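Enquirer: Sharing a structure below in structure tokens format, with a few things to ask.
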There are 4 protein chains.
Amino acid sequence: MSASDSSKLDWSAIKVFAMDVDGILTDGCIYVSSDGSETKRFSIIDGLGLVRLRDAGIQLAWISGRGSYATNLRANELKIPHVIQGRKDKETALTELLEKLDLKPEQAAYMGDDDIDTAAIKLAGIGISVPEGQDSPKEAADYITERSGGNGAVREICNHILKALPQ
Amino acid sequence: MSASDSSKLDWSAIKVFAMDVDGILTDGCIYVSSDGSETKRFSIIDGLGLVRLRDAGIQLAWISGRGSYATNLRANELKIPHVIQGRKDKETALTELLEKLDLKPEQAAYMGDDDIDTAAIKLAGIGISVPEGQDSPKEAADYITERSGGNGAVREICNHILKALPQ
Amino acid sequence: MSASDSSKLDWSAIKVFAMDVDGILTDGCIYVSSDGSETKRFSIIDGLGLVRLRDAGIQLAWISGRGSYATNLRANELKIPHVIQGRKDKETALTELLEKLDLKPEQAAYMGDDDIDTAAIKLAGIGISVPEGQDSPKEAADYITERSGGNGAVREICNHILKALPQ
Amino acid sequence: MSASDSSKLDWSAIKVFAMDVDGILTDGCIYVSSDGSETKRFSIIDGLGLVRLRDAGIQLAWISGRGSYATNLRANELKIPHVIQGRKDKETALTELLEKLDLKPEQAAYMGDDDIDTAAIKLAGIGISVPEGQDSPKEAADYITERSGGNGAVREICNHILKALPQ
């Protein structure tokens with residue numbers, strides 16, 4: 001499905017926006033330093049969108065297959081309530097989150113770029129991927145963003161959800 | 001308005017060039033490290049343009065919605081006289097700056113990429129955005145740069161202002 | 001040879017995937033810091049592909065012309081069994097590796113972007129380069145990836161090898 | 001002049017290759033960290049080209065308008081014999097270098113991306129700029145590289161000089 005079809009999706013049903021970290025909130029890369037530190041590149045416009053969703057009462061979750069302290073630091077700054085790391089079984093992690101929040105899959109948007117995200121993308125009411133994603137999540141997605149991961153793709157989804165909120 | 005219309009704007013009226021930081025002086029990203037440091041990517045050609053404006057007596061201001069010590073370090077190197085951080089109400093911050101400098105809005109150029117910049121872009125004599133900006137600031141702008149933020153967009157504006165200075 | 005010809009290659013013969021580091025697993029750059037540290041940018045999707053190959057019993061080797069502790073750190077995380085650094089004579093290094101593993105050149109895939117990789121690319125059963133590589137390795141290659149180095153080129157090869165494994 | 005005209009230039013006359021640093025050997029950006037360090041992004045393929053020129057007896061010089069310890073670290077690794085920093089008067093710096101080396105301007109290649117490089121580009125036998133350079137150096141240049149600064153532009157010049165050396 002192409003980005004131009006966003007108007008056909010029921011963004012107003014979304015109560016939780018869950019997403020993969022690497023390749024979605026970042027450019028998919030880690031900067032590995034000889035001093036042992038690890039750095040990730042996050043987008044400021046994504047951050048502003050997530051803060052607005054949070055303030056509007058939408059639940060937010062980051063679900064990453066790999067643990068990273070850089071991710072924790074950015075999540076803390078944005079006060080992301082659910083930060084789940086080291087879980088490659090994204091679908092199970094999303095299911096557990098929905099149970100905890102007492103929400104149904106159709107109330108969830110899930111966004112990911114790799115094939116370990118595919119089942120979660122299928123499960124969610126609105127499944128989302130990015131233009132540079134692997135084939136499998138892109139084929140499963142209801143929506144593919146215009147912007148690439150780490151460069152405003154998350155903000156694009158935040159804007160769709162915010163626009164559909166009751167004024 | 002497109003970049004090709006720069007000749008229709010009165011750059012010679014500009015006495016202060018105020019700008020957002022993230023997405024304007026940078027690529028809109030922060031590099032978050034596991035060691036707790038935060039890094040931003042600034043352009044050298046932008047820096048040379050800003051130093052020339054400063055030496056030519058144009059007032060310079062950086063107005064950011066978010067505090068960052070990396071921003072302070074770069075501002076110190078370029079001796080930017082007005083560095084205002086942690087202000088999402090950009091229009092009010094710009095108005096206060098103009099009062100302090102005893103200048104009118106039509107003597108200001110303001111440049112930003114996100115919707116919190118839109119009112120300041122409208123207020124300024126020349127409002128500017130970047131190609132990858134959000135819709136709202138781009139629609140409000142009198143001028144959209146050819147170069148992207150953090151990749152010479154600020155230098156492009158510096159060049160326009162410098163060219164219009166009395167020789 | 002273009003990326004579209006991948007189906008003509010016998011990926012099922014490959015028992016070892018050896019590759020250059022800079023420009024293949026990274027964007028070809030080092031980030032040199034004033035504090036003396038050196039940073040490299042690795043792709044998460046490449047990492048997942050390499051881990052899958054390793055788990056499937058394919059031998060993996062990184063052969064770099066230049067030593068870098070950042071490379072060691074990433075190799076350790078992915079548990080790459082053969083990390084050979086400081087060797088500009090890539091063909092000899094690959095030959096020694098094949099002897100050690102008791103494998104023939106036709107059982108090897110080798111991937112590199114610079115002319116010091118050309119002889120190893122020719123030696124390997126499947127020689128691979130990237131779109132932005134130098135002329136010499138690209139001319140010698142049996143396959144040129146669609147994705148660029150550090151942006152999923154290695155994952156593209158992992159996917160080809162994985163798809164050809166007996167199910 | 002376009003990159004396609006390289007064959008009309010007498011690369012065999014070049015005895016010294018002098019170049020600007022930011023925007024030529026890097027992407028024109030500095031990564032400013034909250035911990036006070038400054039990072040620059042250098043290309044590995046550029047480095048290999050420069051080492052080959054040095055080994056072939058070509059003099060190498062880096063001339064930067066701005067001092068940076070990250071630049072010193074990379075220059076040390078590549079054993080660049082002439083590292084001149086904090087000089088915005090590039091033409092004078094180049095003239096002094098030529099006197100010291102007892103060479104004539106027509107034996108020099110000079111490469112830069114900003115208008116402070118323009119006079120040195122005009123002085124040198126072969127003046128070079130990059131596609132994303134400012135207008136003034138590009139108009140003065142005898143040759144504009146196909147690759148961008150920090151992404152192989154310097155290697156492109158190294159290859160031209162190496163190819164023209166007596167075998």
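The values are calculated or read from the model by the stated rules, or taken from the named source; none is laboratory data. All figures in this text were calculated on a predicted structure; none of them were measured in a lab. In this analysis, Cβ positions are derived from the backbone assuming ideal geometry, glycine residues included, and neighbour counts consider all displayed protein chains. Please note that ligands, DNA and RNA were not included when accessible areas were found on the heavy atoms of the full protein model with its side chains. Shrake-Rupley method; radii C 1.70, N 1.55, O 1.52, S 1.80 Å.
Enquirer: Averaged over its residues, how many other protein chain Cβ atoms are within 10 Å of peptide A:141-154's Cβ atoms?
Expert: Numbers: counts 0, 0, 0, 0, 0, 0, 1, 0, 0, 2, 4, 6, 0, 0.
Across A:141-154, the average partner-chain Cβ count within 10 Å equals 1.
Enquirer: Can you give the Kirkwood hydrodynamic radius of region A:30-78 from its Cα pairs, in Å with one decimal?
Expert: Taking every pair of different Cα atoms in region A:30-78, averaging 1/r and inverting gives 12.3 Å.
Enquirer: Follow-up question, since we're still on this one. For chain D, what is the mean residue ellipticity at 222 nm derived from helices alone (per DSSP H run of n ≥ 4: -39500 (n - 2.57); sum divided by total residues; nearest 500 deg cm²/dmol)?
Expert: Values: 6 runs with 58 residues, N = 167.
My calculation for chain D gives -10000 deg cm²/dmol from helical runs alone.
Enquirer: Report, as an integer, the average count of C-beta atoms from other chains found within 10 Å of each Cβ along A:45-51.
Expert: Numbers: counts 10, 2, 4, 8, 2, 0, 1.
Rounded to a whole number, the mean comes out at 4.
Enquirer: Right, another one. Within the protein assembly as shown, what percent of beta bridges assigned by DSSP are antiparallel, to the nearest 5? Could the numbers behind the result be given before it?
Expert: Working: 28 of 92 bridges.
Rounded to the nearest five, the antiparallel share is 30 percent.
Enquirer: At what distance in nm do the modelled label points of D:Asp135 and B:Asn76 sit from each other, each positioned 7 Å from its Cα along Cα→Cβ?
Expert: Result for the modelled spin labels: 3.7 nm.
Enquirer: On the accessible surface of region D:38-167, probed at 1.4 Å, how many percent belong to carbon and sulfur atoms?
Expert: Numbers: 2410 of 5100 Å².
Ligands and nucleic acids excluded, carbon and sulfur give 47 percent.
Enquirer: Using DSSP to call loops (not H, G, I, E or B), can you name the chymotrypsin sites (Phe, Trp or Tyr not before Pro) in region A:15-56 whose Cβ has at most 15 other Cβ atoms within 10 angstrom? Can you show the working numbers first?
Expert: On the way: sites: A:Phe17, A:Tyr31, A:Phe42; in loops: none.
Hits after loop and neighbour filter: nothing returned.
Enquirer: Right, another one. Can you tell me the orientation of helix D:69-78 relative to chain D, as the angle in degrees between its alpha-carbon axis and the longest Cα principal axis, to the nearest 10?
Expert: In chain D, helix D:69-78 runs at an angle near 50 degrees to the longest axis.
Enquirer: Here's a follow-up. Mind checking which of D:Val154, D:Ala119, D:Tyr143 is farthest towards the positive end of region D:3-164's charge dipole, using Cβ charges of +1 (Lys, Arg) and -1 (Asp, Glu) about the Cα centre?
Expert: Among D:Val154, D:Ala119, D:Tyr143, the one farthest towards the positive end of the dipole of region D:3-164 is D:Val154.
Enquirer: Okay, next question. Return the ratio Rg/(2.2 N^0.38 Å) for the protein assembly as shown, where Rg is computed over Cα atoms only.
Expert: On the way: Rg = 25.9 Å, N = 668, 2.2 N^0.38 = 26.1 Å.
Normalised Rg, Cα atoms only: 0.99.
Enquirer: Let me check against my output: what whole-number percent is the relative contact order of chain D, with C-alpha pairs under 8 Å and at least 6 apart? Spell out each step's value before the answer.
Expert: Details: 340 pairs, mean separation 49.7, N = 167.
Relative contact order comes out at 30 percent.
Enquirer: Give me the net charge for the shell around D:Ile44: Cβ to Cβ below 10 angstrom, other residues only, Lys and Arg +1, Asp and Glu -1.
Expert: On the way: positive: C:Lys40, C:Arg66, D:Arg155; negative: C:Asp20, C:Asp22, C:Asp27, C:Asp113, C:Asp114, D:Asp46.
Cβ neighbours under 10 Å give a net charge of -3.
Enquirer: Considering only the label points, 7 Å along Cα→Cβ from Cα, what distances in nm to one decimal separate C:Lys8 from the same position in each other copy, shortest first?
Expert: Listed shortest first, these distances are 3.8, 3.8, 5.4 nm.
Enquirer: Moving on. Within region A:56-96, find all residues whose amide N lies under 20 Å from a label point positioned 7 Å from the Cα of D:Asp35 along Cα-to-beta-carbon.
Expert: Label zone hits: A:68-77.
Enquirer: How many angstrom lie between the Cα centre of region D:38-106 and the Cα centre of region B:31-53?
Expert: 23 Å
Enquirer: Work out the length of the dipole vector of chain C about its Cα centre, built from +1 on the beta-carbon of each Lys and Arg and -1 on the beta-carbon of each Asp and Glu, and round it to the nearest 20 debye. Could the numbers behind the result be given before it?
Expert: Values: 19 positive and 26 negative charges, 113 e Å.
Dipole magnitude for chain C comes out near 540 debye.
Enquirer: With +1 on each Lys and Arg Cβ and -1 on each Asp and Glu Cβ, how big is the dipole of the protein assembly as shown about its Cα centre, in debye rounded to the nearest 20? Write down the numbers at each step before the final one.
Expert: Details: 76 positive and 104 negative charges, 195 e Å.
With only Lys, Arg, Asp and Glu charged at Cβ, the dipole is about 940 debye.
Enquirer: Sticking with this structure for a sec: Amide H neighbours of B:Ala61 under 5 Å, at least 5 residues apart or on other chains, H built in the peptide plane: list them.
Expert: Correct list: B:Phe17, B:Ala18, B:Met19.
Enquirer: Here is a follow-up. Report, for region D:3-164, the % of DSSP beta bridges that are antiparallel, rounded to 5. Show your work: numbers first, answer last.
Expert: Numbers: 2 of 18 bridges.
The antiparallel proportion sits near 10 percent.
Enquirer: Still on this structure: What do you get for Rg/Rh over region D:3-164 if you use C-alpha atoms and the Kirkwood form of Rh?
Expert: Rg divided by Rh gives 0.94.
Enquirer: Quick one: label points 7 angstrom along Cα→Cβ at B:Glu77, distances to the other copies in nm, smallest first?
Expert: Here the equivalent label points are 1.9, 1.9, 2.6 nm apart from this one.
Enquirer: Taking a label point 7 Å from Cα toward Cβ, how far is B:Glu139 from its twins in the other copies, in nm, shortest first?
Expert: 3.9, 3.9, 5.5
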